[in-house]
Amino acid sequence: MENVLDILLDENNTDHIILMDDDGRKLTFEQIAVIPYKEKIYCILYPVGKIPGVAADRAVVFYIDEDDGAPCLTAEKDDATVCDIFEQYYDLIEKDIEEIIRRG
């Protein structure tokens, strides 16, 4: 079984990311982006279906953490860091659009 880091970094992976919450419920996400930032690897995941405490139109920022030596995802709780991660994501999108326009 692949670990979460292998799944996130696999450019060919289109499967949903399945995580367990603290109550043991399976939560399903679509991967939006992986963002290296300040010596951590973050990811933006979009919930597939309703997740308690998350607005229906909101993505969630996680960072790669460790649990008993194995990679796992932990939700980022610092609002400033979450904003920084989304800013990095928007910059990547802008660069992609500029490249598409340049190539014509």
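The values are calculated or read from the model by the stated rules, or taken from the named source; none is laboratory data. In this text, all values refer to a predicted model and were calculated from it rather than measured experimentally. Calculation scope for accessible area: heavy atoms of the full protein, side chains included, ligands and nucleic acids excluded. Shrake-Rupley method; radii C 1.70, N 1.55, O 1.52, S 1.80 Å.
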Surface share of carbon and sulfur [accessible, 1.4 angstrom probe, percent] for the chain: 49 percent
Largest to smallest accessible area among 32, 17 [probe 1.4 Å]: 32, 17
Whole-Hz ³J(HN,Hα) from phi, Karplus 6.51 cos²θ - 1.76 cosθ + 1.60, for region 87-103, glycine and proline x: 4, 4, 4, 4, 4, 4, 4, 4, 5, 4, 5, 4, 5, 5, 5, 4, 6
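Give me the 1.4 Å probe accessible area per residue for the chain, excluding ligands and nucleic acids, in Å².
Working: 7630 Å² over 104 residues.
That works out to 73 Å² for each residue.
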